[in-house]
Amino acid sequence: LRTALGIVREEGLFNLWKGLSPAVMRHMVYSGCRMSFYEYIRDHVLKKEKDGTYPLWKAIPTGMVSGAMAQFLASPTDLVKVRLQMEGRRVLEGHKPRYRGTFDAFASIVKQDGFAGLWKGWAPNCQRAAIVCLGDLTTYDTAKRFILRHTGLEDNALTHAMSSACSGLVSATLGTPADVIKTRMMNQPYHNNRGVHYSSSIDCLRKSVRQEGLFALYKGFIPTWSRMAPWSLTFWLVYEEIRVLSG
């Protein structure tokens, strides 16, 4: 909350929505792909058990692979989002703005670093997505089936809401350290296509813990959970309703 108030005071209210356009673009790619990948792997590759269940040992790699594959496709939009969100801080520090908007950011990155430059930081990005989807997709699917099998509840909005609450908490718990690493990797300056501060995700993890302590990995946990909880609830309720409507 203090961080949000600081952004409003120093940069203006609407800077809280900085990076909204690439964030929407990212979810159009990421959310659609991860669900398609998850259901395809679950139904056609690893397959459910004969009784219709999907054991945890199958759900874990399914969620992680689905998240990583979807995030790789969406990585350029995530890079632009992170850089646009840092523009306000750069201006306050006396630097000139790097980008005029979302499409200018895409064009500038391609001009400066080439088309492959849009995938800078893709490795920690995909690692984070794999962990988050392990918490989100795997937890939701497992929690939902557990509730249906061990309670008298039916496959309805209440069950979906309870399952999404579980998935939101687990996603935030597992995803915050990966989010810290991903953000630091993607926002660091590069020289000769090499990161100035960190050479890899492991290097970033090691330096962050050594210099700031273990809890540095959970910086931003509350805003992360505050974002993931309503997102998870909204996404899964809407997704389940779409499944019902589409048959």
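Quick look at the values:
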item: Projected-area average for the range 105-242 over all orientations - Cα convex hull basis, square nanometres; result: 10.3
item: Unit charges on C-beta of K, R, D, E only; dipole of the chain, Debye; result: 780
item: Given 16 as the ceiling on other Cβ atoms within 10 Å, longest exposed-site-free region of the chain for trypsin sites (Lys or Arg not before Pro) in DSSP loops; result: 101-247
item: Nearest-0.05 FRET efficiency for residue 111 and residue 20, computed from C-beta distance (R0 25 Å); result: 0.60
item: Restraint check, 50/144; 96/120; 58/120; 81/111, Cα-Cα greater than 24 Å; result: 58/120
item: Residue 44 paired with residue 212, simple spin-label distance in nm, labels 7 Å along Cα-to-beta-carbon; result: 4.2
item: On Cα atoms only, tilt of 201-212 relative to the major axis of the chain in degrees; result: 70
item: Inter-probe distance in nm under a simple model that places probes 7 Å from Cα toward Cβ, at residue 162 and residue 123; result: 4.3
item: 3J(HN,Hα) from dihedral phi, the range 180-186, Karplus parametrisation 6.51/-1.76/1.60, rounded to Hz, x for glycine, proline; result: 4, 5, 4, 5, 5, 5, 6
item: Stokes-Einstein D (µm²/s) once Rh is taken as the Kirkwood radius of the chain over alpha-carbon pairs, at 37 °C in 0.692 mPa s; result: 169
item: Residue 190-residue 99 pseudo-label distance in nm [points 7 Å out on the Cα-to-Cβ vector]; result: 1.3
item: P(r) tail fraction, the range 129-179 - alpha-carbon pairs more than 16 Å apart, %; result: 37
item: Rg to Rh quotient for the range 138-207, alpha carbon positions, Kirkwood Rh; result: 1.30
item: Zone of residue 153's modelled label, taken as backbone nitrogen in the range 164-183 under 14 Å from a point 7 Å along Cα→Cβ; result: 164-169
item: Sequence of 57, 231, 122 from largest to smallest accessible area, 1.4 Å probe; result: 57, 122, 231
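The values are calculated or read from the model by the stated rules, or taken from the named source; none is laboratory data. All values reported here derive from a predicted model rather than from experimental measurement. Quick reminder, even Gly has a Cβ in these numbers, built from the backbone with ideal geometry, and neighbours come from all protein chains shown. Protein only, heavy atoms only, side chains kept; ligands, DNA and RNA dropped before computing areas. Shrake-Rupley method; radii C 1.70, N 1.55, O 1.52, S 1.80 Å.
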